[in-house]
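Heads up: the structure comes next, in structure tokens.
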Amino acid sequence: MLQENTVLMVSAAGRDNLLLRRLLNQSGMHVRLAGSFSEALQVLTSAFPPSIVFCDTLLPDGSWTDILAVASGESPGIPVVVVSRVVDINLYINALEQGAADFIVPPFYPQDLLHVLSCAIGQNAAIQAPAAA
């Protein structure tokens with residue numbers, strides 16, 4: 001069962017993502033932190049996984065693709081938002097083609113973050129909703 005309003009932030013950057021973490025908290029999300037793929041794996045496969053994941057592009061022991069593979073394999077699937085430090089159109093396209101819910105880069109603004117959260121969680125709900133007869 002997904003923990004509603006819970007975000008898993010996967011980042012080895014620590015202080016670099018303080019603003020993103022603060023904005024997520026201010027938007028009403030409970031933020032859990034993981035500094036590596038192995039830490040995130042424990043959270044994602046636990047009895048109470050998060051409702052959404054924000055993941056840096058590179059981790060000490062993996063990358064966003066590893067996180068996406070695990071998150072999308074969970075039942076129900078968990079949307080992943082890829083967080084990059086730089087604008088990279090090829091990475092952006094690759095992330096969306098592989099199934100990421102979104103791709104964001106700083107600076108982070110509250111209204112933009114709320115839109116990303118709404119779309120990612122709404123997209124996930126739509127995928128899980130049974131088809132109408």
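Laboratory data are not the source of any read-out in this text; all were calculated from the coordinates shown. For clarity, every value in this text was computed on a predicted model and none was experimentally measured. We place every Cβ from the backbone using ideal geometry, glycine too, and count neighbours over all the protein chains shown.
Both the radius of gyration and Dmax for the stretch 4-49 are 10.7, 29 Å, in that order, over alpha-carbon atoms. Charged neighbours of Ser38, selected by a Cβ distance under 11 Å, balance to -3 (K, R count +1; D, E count -1). Orientation-averaged projection of the stretch 63-125 equals 4.2 nm² [convex hull of Cα atoms, one quarter of hull surface area]. Extension gain for the segment Ser27 to Ile93, taken as residue separation times 0.36 nm less the Cα-Cα distance, is 21.1 nm to one decimal.
Computed as a quarter of the hull surface, the mean projected area of the alpha carbon convex hull for the chain stands at 8.0 nm².
Sorting the Cα pairs of the stretch 41-95 by distance into bins of 10 Å, from 0 upward, gives 23, 54, 20, 2 percent per bin.
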